[in-house]
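Quick notes on the structure that follows.
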Amino acid sequence: MEMKKKIPVILDTDIAGDIDDTWALGFLLRCPEFDVKLVVTALENKEKPLERAKITAKQIDESGYKGIAVGAGLPAVDYLDDLGGWGKDYDVSKYPGEFYEDGVQAMIDTIMASEEEVLLMCMAPLTNIAEALRREPRIAEKARVVSVMGSIYSGHNLDKIEKQSDYNVRADIPAARKMLEAPWDITIVPLDVTACIVLGDDNYQKILAHRESDPVIKSILSCFDTWMEVHNCTYYKTHSTCLYDTAAVYIGATGDYNVIMEDHKLVIDDGGYTNDDENGKLVHCAVYWKYKDMFYKFMTDRLCSGN
């Protein structure tokens with residue numbers, strides 16, 4: 001049987017804000033469908049250079065993956081540090097892979113050098129992506145996008161069908177518009193499917209049980225310990241927080257067989273809403289889960305696949 005080719009992937013992440021990026025990175029590392037070429041951090045801290053990149057490098061290193069390049073993206077004014085400097089003492093000079101202080105240029109170079117179409121997986125405001133397009137518009141000819149962003153029908157309030165403005169759009173509206181206007185294929189993973197992802201019950205307990213035996217899980221939960229302490233949370237032993245970004249990994253790996261997809265022509269308004277408009281960009285949108293339990297089992301099995 002012919003082996004299916006791995007998908008070359010670049011991850012753009014604002015890890016160190018909400019903890020879902022940490023879970024998503026571990027999930028990504030454990031998906032054999034992907035050839036992870038580069039992880040670039042978005043919205044780096046002007047006051048603490050490379051902090052997000054250090055956290056990323058530390059997690060990948062602790063997880064046992066040695067050949068994945070890491071790059072630091074552009075700095076931000078509004079910086080969320082919810083991991084309490086978990087990676088602040090990590091020495092990036094000892095990272096067992098390439099490390100780039102200009103992660104945006106590394107992103108451009110990786111896409112342009114690839115003989116295959118690159119999957120650009122975006123789990124952050126689109127600041128880095130807009131800058132990459134400004135420097136080299138041709139990346140849109142050699143990549144496709146899966147981006148955690150937007151709201152089509154519903155948002156964080158699961159009891160009410162009501163569109164909301166999503167942080168990944170609202171935090172840098174001009175950048176989100178720039179990404180949306182580029183001539184590449186775009187799939188978005190909006191709040192409609194991401195705002196309801198909480199891992200619990202037997203799946204969560206299985207992951208907790210592998211903490212000491214699995215380096216990927218151990219690193220995730222080490223970050224999670226710090227995040228929970230910063231936020232004074234007490235439910236650690238029963239369930240996760242909302243793991244928004246993990247949906248992008250799942251859809252990138254499996255396609256659309258377990259989500260309802262709709263094509264919408266979208267524009268972004270000044271409030272950060274993704275609105276339908278006949279003159280907008282045609283975007284593939286994940287709007288509803290078919291079998292969410294199947295997703296939870298898939299993610300759990302992949303995270304625990306090192307045992």
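The values are calculated or read from the model by the stated rules, or taken from the named source; none is laboratory data. Since we're looking at a predicted model, the values are computed, not measured. Quick reminder, even Gly has a Cβ in these numbers, built from the backbone with ideal geometry, and neighbours come from all protein chains shown. Only protein heavy atoms, including side chains, enter the accessible area calculation; ligands, DNA and RNA are left aside. Shrake-Rupley method; radii C 1.70, N 1.55, O 1.52, S 1.80 Å.
Out of D12, D20, D91, D82, I need the residue that is among the acidic types (D, E) and within 22 Å of A143 (Cβ to Cβ). Which one?
That would be D12, the only listed residue that is among the acidic types (D, E) and within 22 Å of A143 (Cβ to Cβ).
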Show the residue pairs that are 6+ apart or on different chains and have beta-carbon atoms under 6 Å apart, the first residue being within the stretch 273-285 and part of a loop (DSSP other than H, G, I, E, B), the second being buried (at least 16 other Cβ atoms within 10 Å of the Cβ). Y273/S165; D277/V267; G280/L266; G280/V267
Quick test for you: out of V92, V146, pick the one residue that is within 26 Å of S219 (Cβ to Cβ), over 19 Å from the mean Cα position of the chain (by Cα) and of a type in the set (V, I, T). V92
Inside the stretch 148-205, can you point out the residues that are acidic (D, E), part of a loop (DSSP other than H, G, I, E, B) and open to solvent by 20 Å² or more (accessible area, probe 1.4 Å)? D159, E162, D172, D185
Within the stretch 43-61, work out how many residues are part of a helix (DSSP H, G or I) and farther than 18 Å from D20 by Cα. 1
For D61, only one of the following conditions fails: (1) open to solvent by 10 Å² or more (accessible area, probe 1.4 Å); (2) out of contact with any Lys or Arg (no Cβ under 8 Å at 6 or more places or on another chain); (3) under 23 Å from I197 (Cα atoms). What is its number? (3)
Going through the stretch 20-42 one residue at a time, which ones are part of a helix (DSSP H, G or I) and open to solvent by less than 10 Å² (accessible area, probe 1.4 Å)? D20, D21, T22, W23, A24, L25, G26, F27, L28
Looking at (1) closer than 30 Å to Q59 by Cα; (2) touching a strand residue (DSSP E or B) at 6+ places or on another chain (Cβ under 7 Å), which is the only condition H284 fails? (1)
Restricting the search to the stretch 243-272, which residues are more than 18 Å from R170 (Cβ to Cβ), assigned to a strand (DSSP E or B) and open to solvent by 10 Å² or more (accessible area, probe 1.4 Å)? I260, M261, E262, D263, H264, K265
Members of the stretch 274-307 that are aliphatic (A, V, I, L, M) and surrounded by fewer than 13 Cβ atoms within 10 Å (Cβ to Cβ): L282
Could you tell me whether R138 is assigned to a strand (DSSP E or B) and surrounded by fewer than 22 Cβ atoms within 10 Å (Cβ to Cβ)? no
What residue, among those in the stretch 123-151 that are in contact (Cβ under 8 Å) with a residue 40 or more places away in the chain and among the basic types (K, R), is nearest to W184 (Cα to Cα)? R144
By residue number, the members of the stretch 226-235 that are surrounded by fewer than 12 Cβ atoms within 10 Å (Cβ to Cβ) and within 18 Å of L199 (Cα to Cα) are T234, Y235
Leading residue by the ranking (surrounded by the most Cβ atoms within 10 Å (Cβ to Cβ)) among those in the stretch 1-19 that are outside any strand (DSSP E or B) and of a type in the set (V, I, T): I15
Checking the structure you have, find out if any residue of the stretch 188-207 is of a type in the set (S, T, Y) and under 20 Å from L38 (Cβ atoms). no
